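Each remark here refers to the structure printed beneath this line.
The values are calculated or read from the model by the stated rules, or taken from the named source; none is laboratory data. As the structure is a computational prediction, the values presented were derived from the model and not from experiment. Methodologically, a virtual Cβ is constructed for each residue, glycine included, from the backbone with ideal geometry; neighbour enumeration extends over all protein chains shown. Areas reflect the complete protein model, heavy atoms only, side chains present, ligands, DNA and RNA absent. Shrake-Rupley method; radii C 1.70, N 1.55, O 1.52, S 1.80 Å.
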Amino acid sequence: MLNAERLIYDLVSIASPSTQESDAVHYLVDWMRKNGYDQAYVDEAGNAVGIIGKGNRDIVLLGHIDTFGGFPPVYIKDRTLYGRGSVDAKGALCTFAAGALQADLPDDVRVVVIGAVEEEVASSKGARYAATQFQPALCIIGEPSGWDRITLGYKGRLLIEWAWRGGLAHSAGVALSAPEHAIAYWEQVRAYVNRFNANIDSVFGQLDATLQAINSGQDGAYGWCNMTIGFRLPPGVNPQQLANDLANENTHAYGCEVAVVSDKNNPLSRALRGAIRAQGGTPRFVYKTGTADMNVVAPIWNCPIVAYGPGDSALDHTPDEHLNLDEYLQAINVLADTLARL
Amino acid sequence: MCPECDAELNIPADAMENEIIACPDCGAELEIISLNPLQLELAPEVEEDWGE
């Protein structure tokens, strides 16, 4: 097994759901130390950090080492690695770790590879800490887009917790029950979203709302109901303004991230397209409807930024998550060539 | 020549490989695949996809 293949197999074999990344982080830092990184350490947030080169121009390769929950069996069949995190997003992180080693770096470049913690939860703890430690000239976020596709943008996000508690009334009466209050608020949200989307065909341009959870019950003479509503925000929608528009005495908004869209002509995009073509591919661009650590660091670093990584993001969070190892090796070649072009 | 409409194009002197330029006639976005010899292709369209 190639060194890069051993790396991803081992890293996927170590469960690392959000907030429980320590074993995987230490494995990656040890791998970096053994394979010639100039520095490799665990930072104060618990991120794995590896540095190659001594130039004064930082290129940060920011992947995440935590995964969505669940831990389906890890195995390789027909050159395909199955297991949680193989696509989202240890494939991209290992592409960064191996590709940075393989690259013939320009003398003025220092590459920083980060395996950030807690990307899959609203805290984004690892990325937020990394944002205070570096000021890169360029940044690539590690998320699956396919080896020949470059992610230029992510939607923003807002979460609203809605909670209601009130005295019970006889079910034969006219008073609304707690779940009926919840449904009334959800219908208000749906009407707001439908009005916003009335003349917008593009999925990336639409405002999306999802009822993520709803629970209700009785507590003595009181009824209660809680809902979690998630929003995906297109460019131009301020999450705080949306929260204000939908606020009432029962709501609590959090997890605000603005949408981010990169210039398709920035130096990273140019270098990646050249490298993809050199590998025999035809480069493509994509906007994603989810969010990533790009939403966190882009407004802070304000540098050219894109996301890249092997694999099919439609497999994110699924029990059948898998990554073709030949695509992974191709992405490593693309990443190494990209770094040499910058 | 624009590969979309055959219009004559003036490539800026400081143009770079893989830079995307717009055809002044038809507005098509073109990627400079090679500067010497000059080779242009239609730039990729932006797709939309679910996920992170």
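Can you name every residue in segment A:247-262 that is surrounded by fewer than 20 Cβ atoms within 10 Å (Cβ to Cβ), hydrophobic (A, V, I, L, M, F, W, C) and in a loop (DSSP other than H, G, I, E, B)?
A:247
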Point to revise | Test set (1) within 14 Å of chain B (Cβ to nearest Cβ); (2) open to solvent by 10 Å² or more (accessible area, probe 1.4 Å) - residue A:155 fails condition number | key: (2)
Study note, to complete from the structure: Within segment B:2-52, residues under 10 Å from the mean Cα position of the chain (by Cα), within 30 Å of residue A:206 (Cβ to Cβ) and within 10 Å of chain A (Cβ to nearest Cβ) come out as B:20, B:29, B:31, B:43, B:44
Exercise for review: Would you list the strands (runs of 3 or more DSSP E) that sit entirely within segment A:10-83 and hold 1 or more residues that are assigned by TED's automatic domain parsing to the domain that holds residue A:133, open to solvent by less than 60 Å² (accessible area, probe 1.4 Å) and touching a residue at least 40 places away in the same chain (Cβ under 8 Å)?
Suggested key: A:48-52, A:57-64, A:80-82
Check your understanding: Tell me, which strands (runs of 3 or more DSSP E) lie completely within chain B with 3 or more residues that are open to solvent by 70 Å² or more (accessible area, probe 1.4 Å)?
Key -> B:38-42
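Against the definition (in contact (Cβ under 8 Å) with a residue 24 or more places away in the chain, within 9 Å of another protein chain (Cβ to nearest Cβ) and over 16 Å from residue A:150 (Cα atoms)), how does residue A:203 come out, yes or no?
Values: in contact (Cβ under 8 Å) with a residue 24 or more places away in the chain: yes; within 9 Å of another protein chain (Cβ to nearest Cβ): yes; over 16 Å from residue A:150 (Cα atoms): yes.
Answer is yes for this residue.
Residue-by-condition table, conditions (1) assigned to a helix (DSSP H, G or I); (2) touching a strand residue (DSSP E or B) at 6+ places or on another chain (Cβ under 8 Å); (3) under 14 Å from residue A:295 (Cβ atoms):
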site	(1), (2), (3)
A:113	no, yes, no
A:123	no, no, yes
A:127	yes, yes, yes
A:132	yes, no, no
